[in-house]
Amino acid sequence: REIGVVKPKDGAEVEVPRPPGAVLLTSKEADLIFQRAKLTEVQSRGAGVDTEVNLQLADEALSELGGGSDDEAGDDEDGGSGKLVLHEFVNAIIRVAWSCYPSGGALEEDASSEKQAPVQSASRATADAAHAMIGSRLQAFLQQAMLPGCKDCLRRADEDPLSRHLGGRRVRAVFDFYEPSLRQVFSHYAKADHESGGALETLQHMNLRELVMMLKEGHMMDDVVLDSAQVLKIFQDVNASFAESGFDADEDELCYEEFMHVVASICNLKIPESTRGGEPFEHTLQAWLVLTFIPTYKA
């Protein structure tokens with residue numbers, strides 16, 4: 001939706017212009033693409049097209065976006081019913097490109113090269129045409145929709161290196177391993193503010209007052225690294241990030257997923273990259289959780 005290839009909801013204001021040449025998807029069509037992308041094998045919708053061609057084209061597309069790093073989820077894993085891992089994301093990109101650019105969006109130079117191509121057998125020509133169609137659809141989607149639409153997101157990621165770490169499977173694995181202890185801390189402070197209206201009805205969310213209370217009681221705050229202004233900035237930045245992704249229903253509170261990002265941001269502030277001696281962030285995060293954060297709130 002943020003790159004403009006999904007139709008806005010009924011009555012919603014159109015905030016993103018339609019990319020040139022794109023056929024817009026409905027929300028149901030986008031959901032169906034997501035579900036089909038969860039399949040373990042890419043199923044080509046073009047007759048006679050080799051699956052490996054689709055994967056190769058999509059891998060090249062992802063390289064333009066800086067994807068495919070070792071920090072991301074591996075191809076042998078599954079993201080679960082609500083998330084895509086890398087090979088599923090590749091699958092989804094191909095399907096979106098196929099649906100949004102049915103005319104192919106072939107470049108003029110491609111057309112001129114076809115005129116000079118030697119005569120081929122009927123079967124080979126059909127297969128090559130199908131391959132070219134997939135490639136031109138994918139190229140058109142990337143050049144006219146995805147890359148321009150993701151430009152701001154990519155810029156923000158470059159400006160905030162921590163955001164790249166937070167999306168990695170190794171950081172996620174650290175949080176998953178310590179989830180029982182972290183959820184206990186979260187749940188305890190999520191119900192701490194009895195004075196805020198509705199607080200008792202929102203025990204699965206943590207507001208700013210509760211976050212500050214948690215940090216003060218754990219002696220995490222100071223006047224140099226993590227003062228009140230910095231806590232407010234982290235709280236707002238995490239909420240804004242989730243809101244942009246469409247996963248935040250209330251920008252005045254943190255859900256558990258947002259709480260994990262806040263904890264990681266605090267760890268990054270307490271132990272900045274310049275002091276980590278080249279250690280991966282997930283190692284620093286794990287050590288900080290084990291040696292500092294969790295013992296503090298279990299005491």
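The values are calculated or read from the model by the stated rules, or taken from the named source; none is laboratory data. Since we're looking at a predicted model, the values are computed, not measured. Using ideal geometry, Cβ is built from the backbone for each residue, glycine included, and neighbour counts are taken over all protein chains shown. Side chains included, ligands, DNA and RNA excluded: accessible areas come from the protein's heavy atoms. Shrake-Rupley method; radii C 1.70, N 1.55, O 1.52, S 1.80 Å.
In plain terms, the chain from residue 213 to residue 243 could stretch by 8.4 nm, reckoned as 0.36 nm per residue minus the Cα-Cα distance. Once both labels are positioned 7 Å from their Cα atoms along Cα-to-Cβ, the gap between residue 275 and residue 292 label points is 0.7 nm.
Once all protein chains are placed together, residue 266 keeps about 10 Å² accessible to a 1.4 angstrom probe. If you sort 261, 205 by accessible surface, 1.4 Å probe, largest first, the order is 205, 261. Placing dummy labels 7 Å off each Cα toward the beta-carbon, the span from residue 173 to residue 252 is 4.0 nm. A Förster distance of 41 Å, applied to the separation of the beta-carbon atoms of residue 227 and residue 83, puts the FRET efficiency at 0.70. These residues, 38, 270, 7, 216, go from largest to smallest accessible area, 1.4 Å probe, as 216, 7, 270, 38. Per-residue SASA remark: residue 34, around 50 Å² accessible (1.4 Å probe; ligands, DNA and RNA not included). With all protein chains in place and ligands, DNA and RNA left out, the 1.4 Å accessible area ranks 284, 296, 275 as 275, 296, 284, largest first. Once all protein chains are placed together, residue 171 keeps about 0 Å² accessible to a 1.4 angstrom probe.
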